Amino acid sequence: MVRRGVPLRRTDLRALANRHGYRLVSTVTMSARPLVASMVIAQHLAEYGATAVVVPAYEHAEPWRVFITDACSLITPVHRYPRGHRWPVADLDVGRL
């Protein structure tokens with residue numbers, strides 16, 4: 001998955017997927033609003049029975065990281081976040097009286 005408007009590093013997505021034991025089936029490039037992008041991601045995950053989303057950099061998936069890892073693994077050049085990954089939650093009440 002590649003998000004337009006986010007700097008694109010030279011990353012071979014196919015090689016990255018292979019390195020983690022996956023096969024790249026499709027590449028989706030999008031510049032949609034968050035809700036529409038979520039629907040596009042969900043459609044592709046279901047249509048291909050995807051077990052991972054591969055991105056050229058974390059920033060390409062950051063807005064949908066929880067949504068993606070609820071359904072499958074998220075693979076970046078630096079890290080693999082498995083399905084069901086627990087993302088840290090900021091304490092919104094810090095500093096409140």
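The values are calculated or read from the model by the stated rules, or taken from the named source; none is laboratory data. As the structure is a computational prediction, the values presented were derived from the model and not from experiment. Positions of Cβ are generated from backbone atoms using ideal geometry, with glycine treated the same way; all protein chains shown enter the neighbour counts.
Results, tabulated for the structure shown:
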item	result
Filter result (over 12 Å from Leu16 (Cβ atoms) and either in contact with a Cys (Cβ under 6 Å, 6 or more places away or on another chain) or surrounded by fewer than 17 Cβ atoms within 10 Å (Cβ to Cβ) (or both)) within the stretch 45-66	Ala46, Glu47, Tyr48, Gly49, Ala50, Thr51, Tyr58, Glu59, Glu62, Pro63, Val66
Failed item in (1) over 11 Å from the mean Cα position of the chain (by Cα); (2) over 19 Å from Arg14 (Cβ atoms), with Ala50 passing the rest	(2)
Residue that is surrounded by the most Cβ atoms within 10 Å (Cβ to Cβ), among those in the stretch 14-27 that are of a type in the set (A, V, I, L, M, F, W, C) and in a helix (DSSP H, G or I)	Leu16
Checklist (1) within 23 Å of Gly84 (Cβ to Cβ); (2) at pLDDT below 95; (3) surrounded by 11 or more Cβ atoms within 10 Å (Cβ to Cβ) applied to Met30, failing item	(1)
Qualifying positions in the stretch 67-91 - assigned to a helix (DSSP H, G or I) and surrounded by 13 or more Cβ atoms within 10 Å (Cβ to Cβ)	Phe67, Ile68, Thr69, Ala71
